[in-house]
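Visitor: Okay, here's the structure, questions in a sec.
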Amino acid sequence: MAAYTPTALKAELNERGWRMTPQRETMLKTFQNLPEGTHLSAEDLCDLLDKEGEPISLSTIYRNLKLMARMGILRELELAEGQKRYEINQPAPHHHHHLICVRCNKTIEFKNDSVLKVGAKTADKSGYHLLDCQLLIHGICPPCQRSIIPT
């Protein structure tokens, strides 16, 4: 999987019968310029774009987040129960997974190439085109363990 550029996104959208809108290009560039480890909800993205003077309606953001996730450009993550967040889908060697505390929602990113290799092999064997492969591990972080287990 290669990193998406506005030109690549435009070509893929055109191939599927869709247009490259200024909103889609703005959203792509915003995700590409986020610091590593940043996961945005639709509302977070809306607020960020407002602050940057690039207002996009929340409904447009939701529609385009779903579209870009289906295309494999963004990763849709459920890091906390019922709360979807998005990040740019990085190609190897930047591909990563998440370890999430179920009490405080602290999220740690980690790399593990074997997960991606198994996912790619399984997809290929079944004739699928791999868009994303992610592992979410849910646990309880050390500070939360200390707060629930008296010493």
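Visitor: Using a 10 angstrom cutoff on alpha carbons, build the Gaussian network for the chain and name the most mobile of Gly37, Gly82, Gly72.
Guide: Gly82
Visitor: Which percent of the accessible heavy-atom area of the chain goes to carbon and sulfur, probe 1.4 angstrom?
Guide: 53
Visitor: Here's a follow-up. Helix 58-70 versus the longest principal axis of the chain: what is the Cα-based angle in degrees, 0 to 90, to the nearest 10?
Guide: With rounding to tens, the tilt is 80 degrees.
Visitor: Taking only Cα atoms of region 1-103, what ratio of Rg to Rh do you get with Rh as the Kirkwood inverse-distance radius?
Guide: My calculation puts Rg/Rh at 0.95.
Visitor: Using just the C-alpha positions of region 38-151 as equal point scatterers, what log10 of I(q)/I(0) does the Debye formula give at each q in 0.15, 0.16, 0.20 1/Å?
Guide: Cα-only, vacuum Debye calculation for region 38-151: -0.79, -0.87, -1.12.
Visitor: Suppose a student asked you for the relative contact order of region 101-151, using Cα pairs under 8 Å spaced at least 6 residues apart; what percent would you report?
Guide: It comes to 48 percent, rounded to a whole number.
Visitor: List, in order, the whole-Hz ³J(HN,Hα) value for each residue of region 23-33 obtained from phi through the Karplus relation with A = 6.51, B = -1.76, C = 1.60 and θ = phi - 60°; use x for Gly and Pro.
Guide: 5, 4, 5, 4, 5, 4, 4, 4, 5, 5, 9
Visitor: Could you work out the percent of alpha carbon pairs in region 93-150 separated by over 19 Å, rounded to a whole number?
Guide: 45
Visitor: Find the relative contact order for region 39-151 and round it to a whole percent, using C-alpha pairs within less than 8 Å whose residues are 6+ positions apart.
Guide: Averaging sequence separation for qualifying contacts and normalising by length gives 20 percent for region 39-151.
Visitor: Something else about it: Give me the accessible area of Val102, 1.4 Å probe, in Å² rounded to the nearest 10.
Guide: Near enough 90 Å² of accessible area.
Visitor: When the Cα centres of region 13-48 and region 85-124 are compared, how far apart do they sit, in Å?
Guide: Spelled out, the Cα-based centre of one part sits 20 Å from the other.
Visitor: On C-alpha positions alone, give me the angle between the axis of helix 6-15 and the longest principal axis of the chain, in degrees, nearest 10.
Guide: On a 0 to 90 degree scale, this one is about 70.
The values are calculated or read from the model by the stated rules, or taken from the named source; none is laboratory data. No experiment lies behind these values; they were computed from the predicted model shown. With ligands, DNA and RNA removed, areas are computed over all heavy atoms of the protein, side chains included. Shrake-Rupley method; radii C 1.70, N 1.55, O 1.52, S 1.80 Å.
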